[in-house]
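Comments concern the structure below.
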Amino acid sequence: MPTINSAELDLFLQTCSDAFNNQQLQRVVLSKYKGDETELKRITIRPILLKDKRLLSFLYEYKTNHITKNLPLTASLEFFKAELGVHFFNAHLLTNEWEVPLSVTKKGKVLMKKQKNKNQAPQKPENASHDRAKNRFVEQHRPYLRELGVTDAQGNIIPAMSRKWKQINKFIEVLSRAIDNTGLAKQNKVHIADFGSGKAYLTFAVHDYFVDKLQVETEVTGVELRQKLVDLCNDTAQKLALQGIKFEQGDVQHFKAQGINIMIALHACDIATDYAIHMGIRTGAEIIMCSPCCHKQIRPQMKSPALLAPLLQHGIHMGQEAEMVTDGLRALLLEAHGYDTQVFEFISLEHTSKNKMILAQKRKKSRDNSAILAQIEAIKTFYGIQEHCLETLLNA
Ligand SMILES: C[S@@+](CC[C@H](N)C(=O)[O-])C[C@H]1O[C@@H](n2cnc3c(N)ncnc32)[C@H](O)[C@@H]1O
């Protein structure tokens with residue numbers, strides 16, 4: 001079938017082009033597909049920023065999976081011109097100012113209306129940039145978010161999942177800043193391990209970030225104790241037709257890994273965090289990111305120093321102190337083993353109680369660690385600590 005030529009189509013393409021150039025484009029949806037790909041339902045196109053380039057991201061929505069392709073504006077307009085009236089018979093353009101539905105009849109006539117966008121108050125440029133800045137690390141329409149139940153079929157956040165959505169965004173924000181200090185975004189392939197991956201919101205998010213945003217080939221392995229979750233996550237990866245992500249049943253304590261660039265362990269229980277950090281150090285990971293939980297090993301060993309006894313007589317204080325000492329020693333051990341380490345609030349307490357993050361980045365040059373080792377010894381002596389799991393693993 002030949003491509004169509006009409007003043008209406010030209011106006012549609014011009015409106016789209018102007019909106020993109022003025023940063024006013026919200027989306028274009030191509031639908032009513034009549035081609036060979038029987039499972040293709042529609043393509044949703046939105047502007048994205050990729051490595052400082054403004055592009056259009058084409059989300060091909062098939063019955064059971066989704067595929068994304070990114071194109072510059074000129075190639076996108078050529079695609080619209082070549083496909084409308086040939087394979088797609090409806091298009092819907094939405095900008096901050098305009099709503100432009102277009103359809104092509106069986107006889108090839110183009111029907112189009114250019115009307116003011118009444119449904120959405122036009123966004124002021126400063127609001128638009130604020131929104132982009134707020135969520136610029138994760139895009140709401142990504143297919144894995146829908147598959148994991150974070151968003152609904154229209155790409156809206158499901159209210160009960162808003163905390164998870166915030167956590168995913170914050171996690172990717174922290175990770176992306178850490179990546180900026182490494183050469184990982186330019187590497188041919190990156191290996192990532194996520195220990196205690198659970199339902200794998202973050203595992204899918206990190207995979208998507210590398211593959212879709214950074215366009216780097218990535219091998220992500222989620223390691224999880226519970227077989228049911230492993231099966232569920234492998235099924236999800238298959239449904240989404242994702243390459244380079246897999247889940248393995250296993251205990252982080254016995255897992256053997258090699259050549260990991262990024263080690264993630266978020267909320268892996270108790271000393272599982274120590275095993276994960278140890279594996280990150282041993283495999284020379286450039287980034288180690290963990291958010292510890294259930295600090296059981298150190299507390300029973302801690303003797304409250306006489307001066308602190310009146311403070312630590314309260315169970316809650318003792319728990320907080322044990323947590324601080326456990327994680328403080330982890331951070332010092334990482335420092336002693338060649339990592340610049342930060343400990344900070346990962347996400348505000350209002351969203352989760354498990355809110356502490358230890359972020360470690362491998363130093364380019366080694367340095368003398370004797371002073372840090374002496375500090376570790378002094379702290380252990382002060383609190384009467386006999387054993388810290390990470391230290392034992394590192395000394396073995
Ligand atoms: C609280 S969930 C966190 C899931 C995910 N990392 C997140 O932050 O959304 C902790 C997960 O770690 C798993 N886990 C705990 N200890 C583990 C171990 N030793 N080896 C592997 N997985 C472990 C649990 O089964 C659970 O699914």
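Laboratory data are not the source of any read-out in this text; all were calculated from the coordinates shown. This structure is a prediction, so every number in the text was calculated from the model and none was measured. Counting neighbours? That spans all protein chains shown, and the Cβs are built from the backbone with ideal geometry, glycine included.
Give the order of Ile4, Ile316 when sorted by the count of other beta carbons within 10 angstrom, beginning with the fewest. Please report the intermediate quantities before stating the final value.
Working: Ile4 16, Ile316 8.
Placing the least packed residue first, the sequence is Ile316, Ile4.
Helix-derived [θ] at 222 nm for the chain: sum -39500 (n - 2.57) over DSSP H runs of at least 4, divide by residue count, nearest 500?
Numbers: 12 runs with 139 residues, N = 396.
It comes out at -11000 deg cm²/dmol, rounded to the nearest 500.
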* Structure fact -> Rounded to whole angstrom, the alpha-carbon centroid of region 10-37 lies from that of region 228-254 at a distance of 36
* To do: Sticking with the crude label model, points 7 Å out along Cα→Cβ, report the distance from Lys166 to Leu308 in nm, one decimal please.
  => 3.0
* Share of antiparallel DSSP beta bridges in the chain, in percent to the nearest 5? -> 70
* To do: Compute the relative contact order of region 219-305 as a whole-number percentage, counting only Cα pairs closer than 8 Å that sit 6 or more residues apart in sequence.
  => 25
* **Relative contact order %, the chain, counting alpha carbon pairs below 8 Å whose residues are six or more apart** => 10
* What angle, in degrees between 0 and 90 and rounded to the nearest 10, separates the Cα long axis of helix 125-134 from the longest principal axis of the Cα atoms of the chain? -> 40
* Structure fact -> Relative contact order in percent for region 7-122 (Cα pairs under 8 Å, 6+ apart) equals 25
* Structure fact -> Of the candidates His314, Thr341, Ser304, the farthest towards the positive dipole end of region 297-382 (Lys/Arg Cβ +1, Asp/Glu Cβ -1, centred on the Cα centre) is Thr341
* May I ask for the angle, rounded to the nearest 10°, between helix 162-180 and the longest principal axis of the chain, with both axes built from Cα atoms and the value confined to 0 to 90°? => 80
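Excluding Gly222 itself, what net charge comes from residues whose Cβ is under 14 Å from its Cβ, given Lys and Arg +1 and Asp and Glu -1? Working shown, then result.
Details: positive: Lys199, Arg226, Lys228, Lys246; negative: Asp194, Asp208, Glu219, Glu224, Asp231, Asp235, Glu248, Asp251.
Summing Lys and Arg as +1 and Asp and Glu as -1 gives -4.
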* To do: Please give the helix 272-282 orientation as an angle from the longest Cα principal axis of the chain, in degrees from 0 to 90, rounded to the nearest 10.
  => 80
